[in-house]
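Everything below concerns the one structure shown next.
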Amino acid sequence: MYIADTTTLIEPFGIDLDLERGIMQNPGHHLKRHASDMRGYYKDEEALEKLIQEHHDPLHYEVFETPVPKEDGHLMYCISTLQPGLVGNECFMTKGHYHARVNTGEIYLCLRGVGYMVMKREDGECRYEKMVRGNMVYVPPYWAHRSVNTGTQEPLISFCVYPADCGYNYGDIEKEGFPKRIFNENGAIKIL
Ligand code: MN
């Protein structure tokens, strides 16, 4: 058997996912982002500060990642759970990122809730795809991606798969943002 020296041989395993609540048992990494982690991302910064003060810095989103080696050949998968809510009238969203290895794609399968995957390329091209239970979004290599929960009651839960060594690049998004934002204006979803 040929084993690449950059890819560790590990044992097969199965894992329990709570698809309804968006929880992975015993994840390798559990990332939690609160409203205060989102400073600089929303249009209405005052509304974000108000939300942090008045609602005790509520949980924004969580990502449960699997414990596999971050190496070429391995596949990382995660469950991402984004809470519903508004900052001013902008829908709750994730920070969004490029992959550090920018030529790597990702699969998102929506399990629950409703929203959009917003994607942008370095040259400024922007696209969005609807996320609803059963919709799968293919994020091609080179596209930064962010999910946005347009629901008012339910979390937006997705299952994702991506190359384990793809890494994250948040820095460029922090500086540039995305060309489109998604708002809920008195019940009407607007992508502006
Ligand atoms: Mn990604």
**Request:** Would you mind checking which residues have amide H under 5 Å from Gly85's amide H? H placed 1.01 Å from N; only 5 or more apart, or other chain.
**Result:** Phe92
**Message:** Give the residue list of chymotrypsin sites (Phe, Trp or Tyr not before Pro) in the stretch 105-192 that are DSSP loop and have at most 14 other beta-carbon atoms within 10 angstrom.
**Reply:** Tyr168, Tyr170
**Message:** Over the Cα atoms of the stretch 13-114, each weighted equally, I'd like the Debye log10 I(q)/I(0) at q = 0.11, 0.12, 0.17, 0.21 Å⁻¹, rounded to two decimals.
**Reply:** -0.42, -0.49, -0.90, -1.17
**Message:** If the elastic network links every pair of Cα atoms under 10 Å, which of Ile157, Ile52, Ile182 fluctuates the most in the Gaussian network model of the chain?
**Reply:** Ile52
**Prompt:** Percent of accessible area on the stretch 17-191 owned by carbon and sulfur, 1.4 Å probe?
**Reply:** 47
**Request:** Only residues of the stretch 77-92 count here: report those whose backbone N is under 18 Å from the spot 7 Å along Cα→Cβ of Ile191, or say none.
**Result:** 90-92
**Item:** From phi via Karplus (6.51, -1.76, 1.60), per-residue ³J(HN,Hα) for the stretch 44-50 in Hz, x at Gly/Pro
**Value:** 9, 5, 5, 5, 5, 4, 5
**Item:** Bins of 5 Å, starting at 0 and running to the largest distance - Cα pair percent for the stretch 17-191
**Value:** 2, 9, 17, 22, 22, 17, 8, 3, 1, 0
**Request:** State the Cα centre-to-centre distance between the stretch 139-192 and the stretch 55-112 in whole Å.
**Result:** 8
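With every protein chain present, what is the per residue accessible area of the stretch 17-191 (1.4 Å probe, Å²)? Working shown, then result.
Details: 8490 Å² over 175 residues.
Heavy-atom accessible area per residue stands at 49 Å².
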**Prompt:** Order of 42-50, 89-97 by packing, highest average Cβ count within 10 Å first?
**Reply:** 89-97, 42-50
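Sort 130-136, 120-126 for me by packing, meaning the mean count of neighbouring Cβ atoms within 10 Å per residue, highest on top. Write out the running numbers ahead of the final one.
Details: 130-136: 14.9, 120-126: 12.7.
In decreasing order of mean packing, 130-136, 120-126 become 130-136, 120-126.
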**Asked** log₁₀ I(q)/I(0) of the stretch 125-192 at q = 0.18, 0.21, 0.28 Å⁻¹, via Debye over equal Cα point scatterers, no solvent, to two decimals?
**Response** -0.90, -1.18, -1.48
**Asked** Once label points are set 7 Å from the Cα along Cα→Cβ at both Ile10 and Ala100, what is their separation, rounded to one decimal in nm?
**Response** 1.7
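The values are calculated or read from the model by the stated rules, or taken from the named source; none is laboratory data. These numbers were taken from a predicted model, which means no experiment stands behind them. Positions of Cβ are generated from backbone atoms using ideal geometry, with glycine treated the same way; all protein chains shown enter the neighbour counts. Accessible surface areas use protein heavy atoms only, side chains included; no ligands, DNA or RNA. Shrake-Rupley method; radii C 1.70, N 1.55, O 1.52, S 1.80 Å.
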